[in-house]
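The values are calculated or read from the model by the stated rules, or taken from the named source; none is laboratory data. Note that this is a predicted model, so its numbers are computed, not measured. Here the Cβ positions follow ideal geometry from the backbone for every residue, glycine too, while neighbour counts run over all protein chains shown. Areas reflect the complete protein model, heavy atoms only, side chains present, ligands, DNA and RNA absent. Shrake-Rupley method; radii C 1.70, N 1.55, O 1.52, S 1.80 Å.
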Amino acid sequence: MTLPYGIFSYDIASPRVGVLVDEHILDLEIVGLLGFFNDLPLDPAVFAKPVLNDFMALDKAVQRAVRDHIIELLTHPDAKLEAVHNQVFIHRSRVQMHLPVRVGDYTDFYAGIHHATNVGRMFRPEGDPLLPNYRHLPVAYHGRASSIVVSGTPIRRPQGQFPGPDQQPVFGPSKALDFELELGIVIGKPSVLGQPVPVELAEDHIFGFVLFNDWSARDIQRWEYQPLGPFLGKNFGSSISAWVVPMEAFEPFRVEGPVQEPTPLPYLRTSGQTHFGIDLEVALSGPGSEETIISRSNTRHLYWSPAQMIAHHTVNGCNLNTGDILATGTISGTEPNSYGSLLELTWNGKQPLTLPDGTTRTFLQDGDTVIMRGMAVSGDQRIELGEVSGTIGG
Ligand code: CA
């Protein structure tokens, strides 16, 4: 069972914590008020909050106990939840979803090696498409938390400066608006300033995962990024899914990562099933048109694992706080229909996509909607990451 956590409101009920159970939301504030959490070592008031942060900051053991208890309440024939069904379950069509996390800091990695390779091939055709540091450390930059929005929030096309036809800068709306298919790692337990998190303990700091669309204006980005990196081409908006899937739900979907050669330095060295195998897809629809799947990828294509990203992020003593989000970087597969951005899918606009309605795209047009979804099946285990969607406005 996925049982993701989110923040919802309905009618006169203020935003509070819920768990998605098929088409219904289990209202954890009410479940707590009815006494169902009385035997657990937590204050049920954490579920009466408009963000998940207080719950995410609790010990992993407590979070696991809550999840196990909810599973027990949902599946045990004597659990008595059915007797109060109308009090604790709300159909999802009745609710409004909110940004589930108060995001403190947002860091964007570049751990999708096929994405990094494609970008290198495009812009540095001579030599190795990967820069010399790529296989030695998880490359990242600090992003902007203030503009992270929940799925469904419209995205306004950014204005900025970028090179015109004669390479002199012009000002206007971006002509190269793109998406980036990423996974967002939501930090639960904070780390201590000055104390690196060992890679083998790094997963203790992960509360869960969200789908993450790191909207990007390629023309603004290309003009501004040297020498200090991405800025206005990136920080106008990033969208996350409304439901945060707890780390525990990912356990059945562990996979081994790619062979890391050369062997990373000791503080980044891990082995075993450090990665996850979650199927991802990107759908695009134009104004008034049906959606079409334009990419299918998988989180196993990440070179660096979430634990390695955390170990690297903290190795210099930088601390992580509850509610921080570390995005993985664009997750492209090896095949052209598995690329996680229009930059790659259209090879920098040189190979436009044709949609079922006959229109073509190099980059996003006003009125376009991008929907990213994630799910995985393993035997009788299944998880759904839900979706993150956003429509471009002018
Ligand atoms: Ca990105």
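In region 302-394, which strands (runs of 3 or more DSSP E) lie fully inside it and hold 1 or more residues that are charged (D, E, K, R) and modelled with pLDDT of 95 or more? Step through it out loud before you land on a result.
On the way: elements: 325-327, 369-378, 381-393.
Per the criteria, 369-378, 381-393.
Tell me which of these R300 doesn't satisfy, since it passes every other one: (1) out of contact with any Phe, Trp or Tyr (no Cβ under 9 Å at 6 or more places or on another chain); (2) open to solvent by 10 Å² or more (accessible area, probe 1.4 Å).
(1)
Looking only at region 52-105, which residues are touching a Leu at 6+ places or on another chain (Cβ under 6 Å) and among the small types (G, A, S)?
Scanning region 52-105 gives A65, A79.
Looking at this structure, is F209 within 16 Å of the ligand (Cβ to nearest atom), closer than 16 Å to Q308 by Cα and either modelled with pLDDT of 95 or more or open to solvent by less than 10 Å² (accessible area, probe 1.4 Å) (or both)?
yes
For G233, are the conditions met, namely being open to solvent by 10 Å² or more (accessible area, probe 1.4 Å), in contact with a strand residue (DSSP E or B) (Cβ under 7 Å, 6 or more places away or on another chain) and within 15 Å of the ligand (Cβ to nearest atom)?
Judged against the criteria, G233 is not a match.
Conditions tested, residue by residue: (1) away from the ligand (no atom under 16 Å from the Cβ); (2) among the small types (G, A, S); (3) out of contact with any strand residue (DSSP E or B) (no Cβ under 8 Å at 6 or more places or on another chain).
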site: Q308; (1), (2), (3): yes, no, yes
site: V315; (1), (2), (3): yes, no, yes
site: N319; (1), (2), (3): yes, no, yes
site: L342; (1), (2), (3): no, no, no
site: T346; (1), (2), (3): yes, no, no
site: T354; (1), (2), (3): yes, no, no
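Do we find that I185 is of a type in the set (V, I, T) and assigned to a helix (DSSP H, G or I) in this structure?
For I185, the condition - of a type in the set (V, I, T) and assigned to a helix (DSSP H, G or I) - is not met.
Looking at W243, W223, which is the one that is away from the ligand (no atom under 16 Å from the Cβ) and crowded, with 24+ Cβ neighbours inside 10 Å?
So the residue among W243, W223 that is away from the ligand (no atom under 16 Å from the Cβ) and crowded, with 24+ Cβ neighbours inside 10 Å is W243.
Just checking: which of the helices (runs of 4 or more DSSP H) contained wholly in region 1-94 hold 1 or more residues that are open to solvent by less than 50 Å² (accessible area, probe 1.4 Å) and free of Cβ contacts under 8 Å to residues at least 24 places away in the same chain?
Passing ranges, in order: 28-33, 60-75.
Just give me the residues in region 106-143 being within 12 Å of the ligand (Cβ to nearest atom) and either open to solvent by less than 20 Å² (accessible area, probe 1.4 Å) or in a loop (DSSP other than H, G, I, E, B) (or both), in sequence order.
Across region 106-143, the qualifying residues are Y106, T107, D108, F109, Y110, A111, G112, H115, A116, V139, G143.
Restricting to region 163-202, count the residues that are away from the ligand (no atom under 16 Å from the Cβ) and farther than 22 Å from V245 by Cα.
The total comes to 19.
Could you count how many residues in region 1-43 are on the phi < 0 side of the Ramachandran plot and more than 27 Å from the chain's Cα centre (by Cα)?
15
Of all the residues that make up region 144-162, how many are open to solvent by 50 Å² or more (accessible area, probe 1.4 Å) and away from the ligand (no atom under 16 Å from the Cβ)?
6
Kindly check whether there is at least one residue in region 371-382 that is within 16 Å of the ligand (Cβ to nearest atom) and in contact with an Asp or Glu (Cβ under 9 Å, 6 or more places away or on another chain).
Yes - at least one qualifying residue is present in region 371-382.
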